[in-house]
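These notes are about the structure you will find just below.
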Amino acid sequence: MSTTGATRQAARVLVVDDEPQILRALKVVLREAGFEAVPAETGSQALDLASVRPPEAAIVDLVLPDTSGIEVTRSLRAWSEMPILVLSAVGEEEQKVLALEAGADDYITKPFARASSWRACTRRCRRARRGEEEPSIAVDGLEVDLSARIGQARR
């Protein structure tokens, strides 16, 4: 049997959030963008899922019932270069900086209306899947050097 014409499986995106309505919304958004959402409601569940079958990217809520999204991000970043987007209702600048220092590629405040950040995350996910490197990304005045894992505000 020939493998030509075989379709490639959708890239998997780990979605970590304890709010069921957010998980549902992200599953729909990701499916429409051609990705498979892998939902997790806790940090430990997310890390278990990621260790068994690593996803191509992750979207991590900052506040989880068992740990912080920053700790989940730090744990994922310890062994993976996947794109990580931190999502939270917490809009404090200090939390954004901590998330970026932990290895997040971007930070979106709920409600997530910034489509540019979603496009940047999915674009990087596709590039990572193809083996391409993207040295930095810039979204809404924030530039992240992916190789150095440094984020800074552009003025």
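Structure notes:
- Subset tally (residues that are over 13 Å from D105 (Cα atoms) and β-branched (V, I, T)) for segment 56-86: 3
- Neighbours by Cβ (under 8 Å, 6+ apart or cross-chain): first from segment 64-80, under 17 Å from V13 (Cα atoms); second among the hydroxyl-bearing types (S, T, Y) and not in a loop (DSSP other than H, G, I, E, B): G69/S88
- Looking only at segment 71-97, and only at residues there that are open to solvent by 50 Å² or more (accessible area, probe 1.4 Å) and within 15 Å of the chain's Cα centre (by Cα), the one that is farthest from Q45 (Cα to Cα): K96
- Filter result (of a type in the set (A, V, I, L, M) and either surrounded by fewer than 19 Cβ atoms within 10 Å (Cβ to Cβ) or in a helix (DSSP H, G or I) (or both)) within segment 39-70: A46, L47, L49, A50, V52, V63, I70
The values are calculated or read from the model by the stated rules, or taken from the named source; none is laboratory data. Quick caveat: nothing in here was measured; it's all calculated off a predicted structure. Here Cβ is always computed from backbone atoms with ideal geometry, including for glycine, and neighbour counts include all displayed protein chains. Areas reflect the complete protein model, heavy atoms only, side chains present, ligands, DNA and RNA absent. Shrake-Rupley method; radii C 1.70, N 1.55, O 1.52, S 1.80 Å.
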